[in-house]
Amino acid sequence: MFHKHIAQSAACPRCQDLYEDALHLISNCSYAEQVWSSLGLPAPTSLAALHQHPPIQGLNPNIWPSVALTVSWKLRDSRNALVFRKEDHSHRTTLRNIVADFSLWIFRFKKNGDNISPRQWLNFLSSAIPYS
Ligand SMILES: [Zn+2]
């Protein structure tokens, strides 16, 4: 982020880790770790590992790239909300945003004829949001 001149400083705005790179943002940051953990998914150990489907029984691995992209994108969104709009999203807000965004992906899959697998993923992701 720093090298792309997007951020004013290289430090992570959440945990004050000295260097905020792409992997920190989507995985190593304590905030990201908490979000992945709440989803019941392992935080990726590298950007390459993001493309490897975690072994979760009953869920179609073909959908994983869209899930990984959605989670990464929403973690980035949440970080930008904090940096640019001073909005500090709770983990729960980010989880809700992930589920809301992924529910839109369902329509994309629908066109390809497979609607059940993405719905199973959506149910899996939705179960991470605590009730109250
Ligand atoms: Zn951080």
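Some observations on this one:
- Area accessible to solvent at Asp17, 1.4 Å probe radius, in Å²: 70
- Taking 0.36 nm per residue of separation and subtracting the current Cα-Cα distance, fully stretching the chain between Asn123 and Asp17 would add 34.8 nm.
- Multiplying the residue separation of Leu104 and Gln34 by 0.36 nm and removing their Cα-Cα distance gives an extension gain of 22.8 nm.
- Computed P(r) (all Cα pairs; the chain; 10 Å bins; percent): 12, 43, 32, 12, 1
- Candidates Ala32, Ala49, Ala100: whichever shows maximal mean-square fluctuation once the chain is modelled as a Gaussian network with Cα springs under 10 Å: Ala49
- Cα point-scatterer Debye curve for the range 45-113, base-10 log of I(q)/I(0) at q = 0.11, 0.20, 0.25, 0.28 Å⁻¹: -0.33, -0.93, -1.15, -1.23
The values are calculated or read from the model by the stated rules, or taken from the named source; none is laboratory data. As the structure is a prediction and not an experimental result, all values here were calculated from the model. For accessibility, only protein heavy atoms count, side chains too; no ligands or nucleic acids. Shrake-Rupley method; radii C 1.70, N 1.55, O 1.52, S 1.80 Å.
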